[in-house]
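Structure, as structure tokens:
Computed from the coordinates by the stated procedures, all read-outs in this text should not be read as laboratory data. Computed from a predicted structure; not experimentally measured. Glycine gets a Cβ as well: all are built from the backbone with ideal geometry, and neighbour counts include every protein chain shown.
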Amino acid sequence: MFDQKMLEIGYSQSTIRDLYTYGLARKKEIGEDKVFDFSIGNPSIPAPKIVNDTLVKLLTEEDSVKIHGYTVSPGNKEVRDVIASYLNKTFHATTKGDFIFLTCGAAASLAIVTKAFVKPGEEVITFAPHFPEYRTYTEAVGGVLVNVNPDKDFFPDFVDLEKKITSKTRLVIYDSPNNPTGAFYTEEVIKRMASVLSKKEKEYDHPIYLVSDEPYRELLYKGEEYPFVTNYYDNSIVCYSFSKSLSLPGERIGYILVNPNANDVNDVYAVICGAASMLGYICAPALFQHMVPYVLGHTSNLEEYKKNKETLVTALKEIGFEVVNPTGAFYLFMKALEADAEKFSEVAKQFELLLVPSDPFDYKGYVRIAYCVSYKQIVNSIPAFKKLHNYYKNR
């Protein structure tokens, strides 16, 4: 009667959500300050003032029907044009509002793109470790997710990438900075990726779409210039969310951008519109569509995440943990002290540390620490990490 896959997904919380739920219950039992929840990427920094000011202005000064009414399915045309202009100025790109589709965040964007281009049995390539929902979106349309191994710095292994691309490959998805490692894909990495895909497009005589998942685009710690994918590869698509940069994860606003230089770009955009309609992902929240032009280029105080990162990395290394020093996003990838990361995560609970095992990210032996928490929690958690390390050292 019911689709078995849908039942499995419906009855099983993700590991991350499960830990988060456990943390909420545990805080009620023993107190918020005694539980060190690093499970979920929920920004702890307030949204910038311009967000609330803009929303108040829209709600009090603009026509209510306009602010709360339907937009056209892809989103307000004026808003899309402003986004394109901002991207062109910021990244020296050549985007167009006609090829932007406003969505309920990057999750909806990725689900739409996967639905648009992947048929049953076809393949989506991504780079381990990766955001777990890539598998969900792929398998929901009958596709097959293929993992490319990382190199020692958690960049793509390009030899493995070449081997994994087949005649069935339709999409290659990456996120940079990466969730869960915090690795930032430099211009050199993007150019090499584009080179491999261009070669394979010619070999198989069909487009392979390179999808850049960019919710952490602004969260960089070394002042790097973000290599915007449309400048390097024609058949490219951007999935963006304002959730992380503006601390608005609950508001669900983002967009899909199709490179105007893509082959048959009008058809590419049309199939995205069609997939969105089929999924019911049209007319993104109107109030937040109207907010977007006012907040482009603004971010929350991201220096707070940098401070958290530097404090935590220094402390964990001093304790004796092996960590991947992130250059972006707000996640820290730490090597577990036993081969089974899920068991290690369970042991960490004994010390009130909620750490996400790396298994759902299609990688073994690590845990993800979301350090988008208060600085007080970072400092107060360090003795618990010491106890965790001593537990393994002395057993």
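Structure summary
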{"quantity": "Whole-Å semi-axes of the ellipsoid equivalent to region 346-388 (Cα gyration tensor, √5λ, descending)", "calculated": "20, 13, 7"}
{"quantity": "Residue-count net charge about Lys164 - beta-carbon cut-off 14 Å; Lys, Arg +1, Asp, Glu -1", "calculated": "-2"}
{"quantity": "5 angstrom amide H check on Leu302, placed H, neighbours 5+ away", "calculated": "none"}
{"quantity": "Separation of the Thr311 and Glu139 label points, Cα + 7 Å toward Cβ, nm", "calculated": "3.8"}
{"quantity": "Angle in degrees between helix 375-394 and the longest Cα principal axis of the chain, rounded to the nearest 10", "calculated": "60"}
{"quantity": "Calculated P(r) of region 70-295 - Cα pairs past 25 Å, %", "calculated": "34"}
{"quantity": "Gyration tensor (alpha-carbon) shape descriptor, region 1-144, a/c threshold 1.5", "calculated": "oblate"}
{"quantity": "Cross-link reach list, aspartates and glutamates versus Lys119, counting only Cα pairs under 17 Å and skipping chain neighbours closer than eight places", "calculated": "Glu139, Asp267"}
{"quantity": "Cα-based Kirkwood hydrodynamic radius, region 322-395, one decimal, Å", "calculated": "12.7"}
{"quantity": "Straight-distance crosslink candidates among aspartates and glutamates, where the alpha carbon sits under 15 Å from Lys306 and sequence neighbours closer than 8 are dropped", "calculated": "Glu218, Glu224"}
{"quantity": "Mean shadow area of region 205-363 over all directions, Cα convex hull, nm²", "calculated": "13.2"}
{"quantity": "Amide proton proximity set for Val146, modelled H, under 5 Å, gap of 5+", "calculated": "Val124, Ile125, Thr126"}
{"quantity": "Alpha carbon centroid spacing (whole Å) that separates region 164-231 from region 326-364", "calculated": "26"}
{"quantity": "Region 261-326: equivalent-ellipsoid semi-axes (sqrt of 5 x gyration tensor eigenvalues, Cα, Å)", "calculated": "41, 20, 13"}
{"quantity": "For region 157-271, radius of gyration divided by Kirkwood radius, i.e. Rg to Rh on alpha-carbons", "calculated": "0.98"}
{"quantity": "Volume of the Cα convex hull of the chain, divided per residue and given in Å³", "calculated": "155"}
{"quantity": "Using θ = phi - 60° and Karplus 6.51 cos²θ - 1.76 cosθ + 1.60, couplings along region 144-150 (whole Hz; Gly, Pro as x)", "calculated": "10, 8, 10, 9, 9, 5, x"}
{"quantity": "Computed [θ] at 222 nm, deg cm²/dmol, the chain (DSSP H ≥ 4; -39,500 (n - 2.57); rounded to nearest 500)", "calculated": "-14000 deg cm²/dmol"}
{"quantity": "Helix 105-117 axis, angle to the chain major axis (alpha carbon atoms, nearest 10°)", "calculated": "60"}
{"quantity": "GNM result for the chain, Cα springs below 10 Å: residue of Gln289, Gln377, Gln350 fluctuating most strongly", "calculated": "Gln350"}
{"quantity": "By average C-beta atoms within 10 angstrom, highest first, the peptides 157-167, 331-341, 61-71", "calculated": "331-341, 157-167, 61-71"}
{"quantity": "Amide H contacts under 5 Å for Ser176, placed H, 5+ residues apart", "calculated": "Asp213"}
{"quantity": "Added length on full extension, which subtracts the Cα-Cα distance from 0.36 nm per residue, Leu287 to Lys335", "calculated": "13.0 nm"}
{"quantity": "Thr90 paired with Tyr70, simple spin-label distance in nm, labels 7 Å along Cα-to-beta-carbon", "calculated": "3.1"}
